[in-house]
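In what follows, a structure is listed as structure tokens, so that the remarks can point back to it.
The values are calculated or read from the model by the stated rules, or taken from the named source; none is laboratory data. As the structure is a computational prediction, the values presented were derived from the model and not from experiment. Ideal geometry is used to build each Cβ from the backbone, glycine not excepted, and the neighbour counts take in all protein chains shown. Only protein heavy atoms, including side chains, enter the accessible area calculation; ligands, DNA and RNA are left aside. Shrake-Rupley method; radii C 1.70, N 1.55, O 1.52, S 1.80 Å.
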Amino acid sequence: MTIARHLIDELELQQTLTKEQFLTLLQEITPEEREVIREKACATAKKHFGNQIYTRGLIEFSNYCKQDCYYCGIRRSNKDALRYRLTKEDILHCCKIGYDLGFRTYVLQGGEDGIYSDDDIVDLVSSIKAQFPDCAITLSIGEKSYESYAKYYQAGADRYLLRHETANDEHYAKLHPAKQTLKNRKQCLWDLKDIGYQVGTGFMVGSPYQTLETIVEDLLFIKELSPQMIGIGPFIPHHDTPFATETGGTLEQTLLLISILRLLIPNALIPATTALGTIDPKGREQGILAGANVVMPNLSPVTVRKKYSLYDNKICTGDEAAECKSCLSQRMKRIGYELAVDRGDFKPLLTEI
Ligand code: SAH
């Protein structure tokens with residue numbers, strides 16, 4: 001047995017590895033062993049979720065952003081981004097369409113748009129909850145204070161997505177301006193957990209200056225945080241950013257990392273992301289077969305879809321919500337899965353209760 005093959009078994013058994021072991025696994029794994037870990041991860045997801053895929057209706061409600069992440073197409077310094085924000089009525093309308101299509105989780109994602117006060121977000125969350133009490137609300141609106149996060153939670157927000165992006169300080173500083181720090185990003189994640197949110201974190205695969213060593217730090221940080229949700233997708237260059245000419249992340253590496261994450265936290269909610277579907281026509285299917293168990297079709301109005309451009313060539317920007325839903329449902333069916341009409345909450349293992 002090769003060392004990498006042994007480490008796959010060890011990871012499955014212990015649900016973690018040491019720093020040195022993770023590095024060896026990433027360095028030494030062969031194509032055949034990638035298939036071995038994929039099968040194990042897929043079986044682990046099946047054990048926890050059967051053939052049910054959870055769906056989240058993604059509503060990209062504003063692309064104004066005060067942050068300036070070097071990789072992101074809606075960064076403040078991108079003067080060519082066509083900015084928009086949806087009204088509360090627009091958002092509630094998206095929710096209604098989503099509800100009728102069977103969505104029971106809404107993800108409200110946006111840039112860090114300073115126009116919204118905490119009261120505005122609270123009003124938005126409580127209005128959605130009042131109208132759709134059986135739905136979960138996930139917020140993904142960046143770095144806020146403990147007090148702000150607590151207010152949104154009180155208003156009814158259930159979950160929060162905030163990728164840590166990279167768990168290495170120097171790497172973080174190469175992806176963001178100096179005033180954005182990993183320390184603060186991590187503090188936000190701990191705050192969110194403390195308040196009681198189901199928390200999601202994650203990183204881009206193949207971001208500029210990423211190394212196998214920084215990926216190992218990501219894996220160890222994720223294990224330490226122990227989030228309920230883990231989102232990873234390939235970095236894809238955006239033409240109007242400082243990283244326009246950088247190389248993007250690969251399908252192969254993203255799939256391997258999905259499988260590793262599935263074995264690291266077996267009951268985590270892991271999406272097959274739109275970015276994965278963008279770099280390969282069957283990317284999302286392959287993500288599910290590598291251990292992911294969530295898809296996040298877009299519920300944003302078609303009129304704004306193209307403007308929420310974090311990276312180039314994003315898929316599904318011309319399709320109505322119903323088309324996205326039925327397209328994904330067929331894609332899942334073809335590989336033996338079906339979309340669940342369910343909030344899709346995190347379920348702790350018996351040993352964790
Ligand atoms: N502003 C919010 C949410 C929007 S960004 C926040 O900061 O959390 C959502 C995610 O998109 C980011 O966390 C990042 O990992 C990803 N992303 C941004 N630019 C990208 C790119 N060029 N390629 C791939 N993913 C990207």
Problem set entry | Length added when fully stretched, GLN154-GLU89, from 0.36 nm per residue minus Cα-Cα | 21.2 nm
For this session: Please work through the chain and write down the cysteines that have no neighbouring cysteine Cβ at a distance under 4.7 Å.
Result: CYS42, CYS65, CYS94, CYS95, CYS135, CYS188, CYS316, CYS324, CYS327
For this session: Treating only the Cβ atoms of Lys and Arg (+1) and Asp and Glu (-1) as charged, compute the dipole magnitude of the chain about its Cα centre; round to the nearest 20 debye.
Result: 580 debye
For this session: Please sort through the DSSP H helices of the chain and keep those with an alpha-carbon extent of at least 15 Å along the long axis and a Kyte-Doolittle average not below 1.0.
Result: 251-264
For this session: Summarise the accessible area of the stretch 3-343 (1.4 Å probe, protein heavy atoms) by the percent that is carbon and sulfur.
Result: 51 percent
Problem set entry | Per-peptide average of other Cβ atoms within 10 Å, ordering 130-143, 161-174 highest first | 161-174, 130-143
Exercise. What Rg and what Dmax come out for the stretch 142-301 when only alpha-carbon atoms are used, in angstroms?
Worked result: 15.5, 43
Problem set entry | Dimensionless Rg ratio for the stretch 1-131, taking C-alpha atoms and the 2.2 N^0.38 Å reference | 1.56
Problem set entry | Long-range amide H partners of ASP345 with built H, under 5 Å | none
Problem set entry | ALA136 long-range amide H proximity, modeled H, under 5 Å | THR105, TYR106
For this session: Using the heavy atoms of the protein chains and a 1.4 angstrom probe, tell me the accessible area per residue for the chain in square angstrom.
Result: 41 Å²
Problem set entry | Long-range amide H partners of GLN228 with built H, under 5 Å | VAL199
Exercise. Based on the alpha-carbon gyration tensor of the stretch 240-332 and its eigenvalue square roots a ≥ b ≥ c, which shape applies: rounded if a/c is under 1.5, prolate if not and a/b is larger than b/c, or oblate?
Worked result: oblate
Exercise. Can you pull the accessible area of LYS193 for me, 1.4 Å probe, Å² to the nearest 10?
Worked result: 70 Å²
For this session: Place a +1 charge on the Cβ of each Lys and Arg in the stretch 125-224 and a -1 charge on the Cβ of each Asp and Glu, then give the dipole magnitude about the Cα centre in debye, rounded to the nearest 20.
Result: 280 debye
Exercise. When every alpha-carbon pair in the stretch 3-343 is counted, what percent end up more than 39 Å apart?
Worked result: 7 percent
Problem set entry | the chain - share of DSSP beta bridges that are antiparallel (%, nearest 5) | 5 percent
